[in-house]
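Engineer: My questions will all concern the structure given below.
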Amino acid sequence: MARRIRVIGIGAGNPEHLTIEAVNALNTCDVFFIPVKGEEKTFLAGLREEICARFIKGKQPRLIHFDIPARRQDGAYAGAVKDWHEAIAAIYERLLSEETGADETAGLLVWGDPMLYDSTIRIIEHVRARGHVAFEYDVIPGISSLQVLCARHRIPLNRIGEPVQITTGRRLAEGWPQGVNDAAIMLDGIQAYETVADPDAEIFWGAYLGTSMETVLSGRLGDIAPDISRVRAAARAEHGWIMDTYLIRRKAGPEDGEAQP
């Protein structure tokens, strides 16, 4: 039996978001690697520990905490991210080699869903490409913040026959994506909704989704954007970090009209 990694999606913040598959996967792990960095990561690390304590029965696994290196802010964004991922891959490689037995299973608890705006799978592939530690791995899906956002606002993600583009605040600030009326925004550190030149669009916004700090707002973009910015600033000042997601829905033209149920 070779070393194994289980990449487990744990939902957007509520321990009850875990699927039965995820709970079963938790109980197969001998060790968990818990990332820690700053106030945000400390909070998320605590929730990971809570999930382990709540759902793991029988033999308790080892929890190995490690510091996430900071991503450099100079130079090209893509290059900085690549270097950052390589640095984290080196840490995973060391943890697999030094903290995981040759026949043990290591768990990585991923916020939301590992396939959606998370780089754990990419980093694991970096470790595999380095070729220094042999292992197998699988991926367990989880509930994403985008799913929770739509549930809280009681809306479907898509309109009938309409595409949705999932993108970042950085991209949205460069201009509205072509060919879509609905854009879901993740990883927005610049309040890019303020740059959208369509005051009649609707926005559905949420912060800290799934946690006890959860806050949601919605309305006409031109009316509510200042309120979102004020709430966002106050939340960041109170908690020291902010994690938000939103959907902006522009009015469809006559040719894009929805069929009624």
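The values are calculated or read from the model by the stated rules, or taken from the named source; none is laboratory data. Small disclaimer: the values here were computed from a predicted structure and weren't measured. Cβ placement follows ideal geometry from the backbone for every residue including glycine, while neighbour counts extend to all protein chains displayed. Calculation scope for accessible area: heavy atoms of the full protein, side chains included, ligands and nucleic acids excluded. Shrake-Rupley method; radii C 1.70, N 1.55, O 1.52, S 1.80 Å.
Engineer: Which of Glu93, Glu194, Glu238 ends up with the largest GNM mean-square fluctuation for the chain, with Cα atoms connected below 10 Å?
Structural biologist: Of Glu93, Glu194, Glu238, the Gaussian network model singles out Glu238 as fluctuating most.
Engineer: Using only helices, what value at 222 nm comes out for the chain when you add -39,500 (n - 2.57) per DSSP H run of length 4 or more and divide by the total residues, to the nearest 500 deg cm²/dmol?
Structural biologist: Calculated at 222 nm, the ellipticity per residue is -11000 deg cm²/dmol.
Engineer: Expressed as a whole percentage, what fraction of the accessible surface of the chain belongs to carbon and sulfur atoms when a 1.4 Å probe is rolled over the protein heavy atoms?
Structural biologist: Carbon and sulfur together cover 51 percent of it.
Engineer: Any chance you could get the radius of gyration and Dmax over the Cα atoms of the chain, in Å?
Structural biologist: Cα radius of gyration and Dmax of the chain are 20.0, 62 Å respectively.
Engineer: Would you mind putting 20-33, 65-78 in packing order, based on average other-beta-carbon counts within 10 Å, highest first?
Structural biologist: 20-33, 65-78
Engineer: With each pseudo-label sitting 7 Å past Cα toward Cβ, what's the Ser119-Ala70 distance in nm, one decimal?
Structural biologist: My value for the distance between the label points is 1.6 nm.
Engineer: Nearest 10 degrees is fine. How inclined is helix 38-55 to the longest principal axis of the chain, computing both from alpha carbons?
Structural biologist: 70 degrees
Engineer: Could you provide, to the nearest whole Å², the per residue accessible area of the chain with probe 1.4 Å?
Structural biologist: Heavy-atom accessible area per residue stands at 50 Å².
Engineer: A further question on this structure: Under 19 Å between alpha carbons, and skipping anything fewer than 8 positions from Lys59 in its own chain: which aspartates and glutamates qualify?
Structural biologist: Of all the aspartates and glutamates, those that pass the test against Lys59 - Cα under 19 Å, at least 8 places apart if same chain - are Glu21, Asp30, Glu49, Glu50, Glu99, Asp103, Glu104.
Engineer: Taking Lys82 as the anchor, which aspartates and glutamates have their alpha carbon closer than 17 Å to its alpha carbon, excluding any fewer than eight residues away along the same chain?
Structural biologist: Asp74, Glu93, Asp118, Glu125
Engineer: Between segment 203-232 and segment 180-198, how far is it from one alpha carbon centroid to the other, in angstrom?
Structural biologist: Taking the Cα centre of each part, segment 203-232 and segment 180-198 sit 13 Å apart.
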